[in-house]
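A.B. asks: What follows is a single structure, and I will ask about it in a moment.
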Amino acid sequence: MIGWLMLWKVIACHGQKVPEALQYRLAATIVEELRPISVLVPAQLLDTLGVRVYLSDQPSSYLLTKTEAFMMSGAGTDQHNALRQYFKLADLSYMQHQLLIAREFKFKPGLFSQNWVHIITKDTLTALGAQYNKRLESSEEYKRYDSLLHLYGQNRRFAIWGMLFSRDHKSAVVSVSYFDGWDIWVYEKGPQGWRRKGKLYSEID
């Protein structure tokens, strides 16, 4: 534990930032993969683009902490061994120095080239949570995703976070959550853009 805390202090002093445009280009590839598992509902039938993707601006603290712990895992652990299949130690160190800055990253409306990507902010979800609690006090059965369905036409919401890049910015680790779980993926940049190279971790809700 002491070594883990000391490493966090070093990272805090020497945080590594990558270009925001690089993060959005990787995310643009991922939302294309998410679109087929979004839900088409009658309210969207007039939309010539068809299905929309609803993306949280930032994941929960729980998910952030889980992925950070994965990236900070020590030598000899299953997590570290999985990472070493794809990355050199120098790349992992470079990624670890991106962690604190990556924790603060939020997607902003209007920055995706795909106009069918809609950002749902944490403030919106907080308000829905307050509404959920109020409904519970009145003994009326209600769930937060019911409001998502009412507001946005569907309740399948995704999140992308922890985009950590290798030193040459040609490969990356990224976490993606769905409506029924989340994964940690490795992506590789080629002549045609980013593509999935392998899965490091998966958790089903």
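A.B. asks: Order these peptides, 113-122, 189-198, by their mean beta-carbon neighbour count within 10 angstrom, highest first.
C.D. replies: The peptides rank, most packed first, as 113-122, 189-198.
A.B. asks: OK, next. What full-extension length gain, to one decimal in nm, is calculated for LEU111 and GLU33 as 0.36 nm per residue of separation minus the Cα-Cα distance? Mind dumping the intermediate values first?
C.D. replies: Numbers: separation 78, 0.36 × 78 = 28.08 nm, distance 1.79 nm.
Result: 26.3 nm gained on full extension.
A.B. asks: Right, next: Return the distance in nm (one decimal) between the two label points of a simple spin-label model at ALA21 and THR121, each offset 7 Å from Cα along Cα→Cβ.
C.D. replies: 2.6 nm
A.B. asks: List the residues, sorted by chain then number, that are 5 or more residues from PHE158 or on another chain and whose placed amide H is less than 5 Å from its amide H.
C.D. replies: The answer is TYR54, LEU55, SER56.
A.B. asks: Which far-off residues, 5 or more places away or on another chain, put their amide H under 5 Å from the one on GLN114, with H placed in the peptide plane?
C.D. replies: For GLN114, no residues qualify.
A.B. asks: Most exposed first by the Cβ proxy, i.e. fewest other Cβ within 10 Å, how do THR67, THR77 rank?
C.D. replies: Exposure proxy ranking, most exposed first: THR77, THR67.
A.B. asks: Given H placed on each backbone N at 1.01 Å, which residues far from LYS197 in sequence or on other chains put an amide H within less than 5 Å of it?
C.D. replies: Here the answer is VAL186, TYR187, GLU188, since their amide H atoms fall under 5 Å of that of LYS197.
A.B. asks: Same structure again: Convert each backbone phi in the range 120-127 into a coupling constant with the Karplus relation 6.51 cos²θ - 1.76 cosθ + 1.60 (shift: θ = phi - 60°), then list the ³J(HN,Hα) values in order as whole Hz, x for Gly and Pro.
C.D. replies: Along the range 120-127, the couplings run 10, 7, 5, 4, 4, 5, 5, 5 Hz.
Read-outs throughout are calculated quantities, based only on the coordinates presented, and are distinct from any laboratory measurement. What you are looking at is a predicted structure, and each value in this text was computed from that prediction instead of being measured. Ideal geometry is used to build each Cβ from the backbone, glycine not excepted, and the neighbour counts take in all protein chains shown.
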